[in-house]
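Visitor: Please see the structure below; I have some questions.
The values are calculated or read from the model by the stated rules, or taken from the named source; none is laboratory data. What you are looking at is a predicted structure, and each value in this text was computed from that prediction instead of being measured. Please note: Cβ atoms are built from the backbone with ideal geometry, for glycine as well, and neighbour counts cover all protein chains shown.
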Amino acid sequence: MSRLFDLVRRFARATRPVDPESAAMLRERWRALPEQVRTPAQALGQHAMGCEGTHGVFPRCNLACTPCYHSRDANRVRVDGSHTVRQVRAQMRLLRQRRGPHAHAQLIGGEVSLLPPDDHAAALLAMRAEGREPMSMSHGDFDADYLAALALDANGLQRLPRVSFAGHFDMLMFGRRGIERPPDERSLNPYRRRFADMFAALRHDHRIPYFIAHNMTVTPRNLDQIAGVVRDCHDYGFGLFSFQPAAFVGDERRWHEDYRESTADDVWAQIEAGAGARLPFRALQIGDERCNRTTYGFYVGDRYFPILDDEQPADLRTRDVFFRYLGGIDFVGTLPPVLAVKLLRIVIRHPSVAVTFAAWAARMLHRVGVRHLLRHRRIRPVTFVMHSFMDAADVAPAWEAMQRGETSTEPRILATQQRLRACSYAMAHPETGELVPACVQHSVLDPAENVALRRVLPLLPVVSSRTAR
Ligand code: SF4
């Protein structure tokens, strides 16, 4: 009897819609956000803690980008798998303590595929062990053999529950095999396709689920080619297209243009032109609007449909219901049967939730059109994101003042501080117990960190004076 009671109690705990620790951390996250971003649209603190990334775990890269966010010493640090896994574990442990049991985290640094596949897999498993849903950030210039060696163990068995990669492709990157200096964005499409096809083949051959994102840096040189990239590549298999307007951060030898010639609105207008639809980004906000714009939606055939329209009050009410009753649920990391029970428990307690979402589904069906849906029979979820890093010249003084507890009166630095306080992208420092915004990491901390790493992980073996003699 007591065993049965124990079983029921464990089942009830496992199917609680939101983990109590997560709920408490979300409340604290909301409380700590600056007033101006605590809006009904804000996902931080209402649904998620934000995104996380690694640093100093494999700084080296074998392509050259203009611009490059990494400091000039990054390429002088040897890739060392055991260092990577050790550091990733320590950073994730701190993120687990400070940000709760679930989050999305990027395995990011230089080029992730320079890691031996076993070390890469070990780093991903270390992230998962701390409740992180990992994504490997790559330039995408690796082969299917590498991907298979990452996803499968020595016996050919699946060792990762799913693989998740962001492939960075743009004409500002030099040294890609087969296209060392891309003349334009379109010429990279076969490489984008090849990258996406590797994952489709992995799923086909080994039934390994995957998610892939497409990343692209934007400068005045490739701005007007964004629409073409979205139009040409939207059905390659990418679940997310992320555009990063270039900032003056990292290695200044690689700053070749005036990145401030184009605005966030210019970039977003191009993405919209490519999607062939208005992309409402004010229904859901992640951190500060000056940092992030996001539109969730899906394609049916060649037409794109955002799931929430920020000009439709009924959609905004649906969002509010989502945050109120479903906010904090770990949709990605929860097994589908467990997730189904969680949702059922919510609906039993709050039947109006089901009514709200049924009405939303009916509105979506109306927007898509039954005939259009029946003709294509397939819904492809795709998210559009724009993430705008800040210039190091602004971040450094803003962060220094924040460390002294000062709020700047200089408008530009004040704006930087506001964005840093609402940052959605954190990096962990186990040595101090501190979490810092990625902008601070790249603008302020990376240079010294990479100088120190050069000593620990030199590129060439150190020859002692005795041996040399
Ligand atoms: S502060 Fe920097 S790292 Fe954080 S969300 Fe804004 S742009 Fe991104």
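Visitor: When only residues in segment 382-425 that are β-branched (Val, Ile, Thr) and in a loop (DSSP other than H, G, I, E, B) count, which is farthest from the ligand (Cβ to nearest atom)?
Guide: Thr409
Visitor: Continuing with this model, one more query. When you check Asp315 against the structure, is it acidic (Asp, Glu), without any contact (Cβ under 8 Å) to a residue 60 or more places away in the chain, away from the ligand (no atom under 16 Å from the Cβ) and surrounded by fewer than 21 Cβ atoms within 10 Å (Cβ to Cβ), yes or no?
Guide: Yes: the conditions hold for Asp315.
Visitor: Among the residues of segment 179-189, are any under 16 Å from Gly237 (Cα atoms), assigned to a helix (DSSP H, G or I) and either small (Gly, Ala, Ser) or at pLDDT 95 or above (or both)?
Guide: yes
Visitor: Can Leu453 be described as more than 16 Å from the ligand (Cβ to nearest atom), at pLDDT below 90 and either surrounded by fewer than 21 Cβ atoms within 10 Å (Cβ to Cβ) or not basic (Lys, Arg) (or both)?
Guide: No, not satisfied.
Visitor: May I pose another question? Residue under question is Pro220, and the condition is that it be touching a residue at least 60 places away in the same chain (Cβ under 8 Å) and either of a type outside the set (Gly, Ala, Ser) or over 20 Å from Phe142 (Cα atoms) (or both); does it hold?
Guide: no
Visitor: Still on this model: Only one residue in Ile271, Ile307, Ile286 is modelled with pLDDT of 95 or more and either within 16 Å of the ligand (Cβ to nearest atom) or among the aromatic types (Phe, Trp, Tyr) (or both), so which one is that?
Guide: Ile286
Visitor: What are the residue pairs meeting all of these: first residue in segment 173-196, first residue at positive phi, second residue surrounded by 14 or more Cβ atoms within 10 Å (Cβ to Cβ) and modelled with pLDDT under 95, Cβ atoms under 7 Å, and 6 or more apart or on different chains?
Guide: That search, which allows pairs on different chains as well, returns Gly175/Asn62; Gly175/Leu63; Gly175/Ala64.
Visitor: Can we say Phe248 is surrounded by fewer than 21 Cβ atoms within 10 Å (Cβ to Cβ), in a loop (DSSP other than H, G, I, E, B) and either within 16 Å of the ligand (Cβ to nearest atom) or not charged (D, E, K, R) (or both)?
Guide: Yes: the conditions hold for Phe248.
Visitor: Continuing with the same structure: Does segment 346-355 contain at least one residue that is of a type in the set (Lys, Arg), assigned to a helix (DSSP H, G or I) and surrounded by 15 or more Cβ atoms within 10 Å (Cβ to Cβ)?
Guide: Taking every residue of segment 346-355 in turn, none turns out to be of a type in the set (Lys, Arg), assigned to a helix (DSSP H, G or I) and surrounded by 15 or more Cβ atoms within 10 Å (Cβ to Cβ).
Visitor: Exactly one condition in (1) crowded, with 20+ Cβ neighbours inside 10 Å; (2) in contact with a helix residue (DSSP H, G or I) (Cβ under 7 Å, 6 or more places away or on another chain); (3) free of Cβ contacts under 8 Å to residues at least 60 places away in the same chain; (4) not basic (Lys, Arg) is not met by Asp288; state its number.
Guide: (3)
Visitor: Restricting attention to segment 237-290, which residues are in contact with a Leu (Cβ under 9 Å, 6 or more places away or on another chain) and among the aliphatic types (A, V, I, L, M)?
Guide: Ala246, Val267, Ile271, Ala283, Leu284, Ile286
Visitor: Of Ala74, Ala48, Ala43, which residue is more than 30 Å from Tyr325 (Cβ to Cβ) and buried (at least 20 other Cβ atoms within 10 Å of the Cβ)?
Guide: So the residue among Ala74, Ala48, Ala43 that is more than 30 Å from Tyr325 (Cβ to Cβ) and buried (at least 20 other Cβ atoms within 10 Å of the Cβ) is Ala74.
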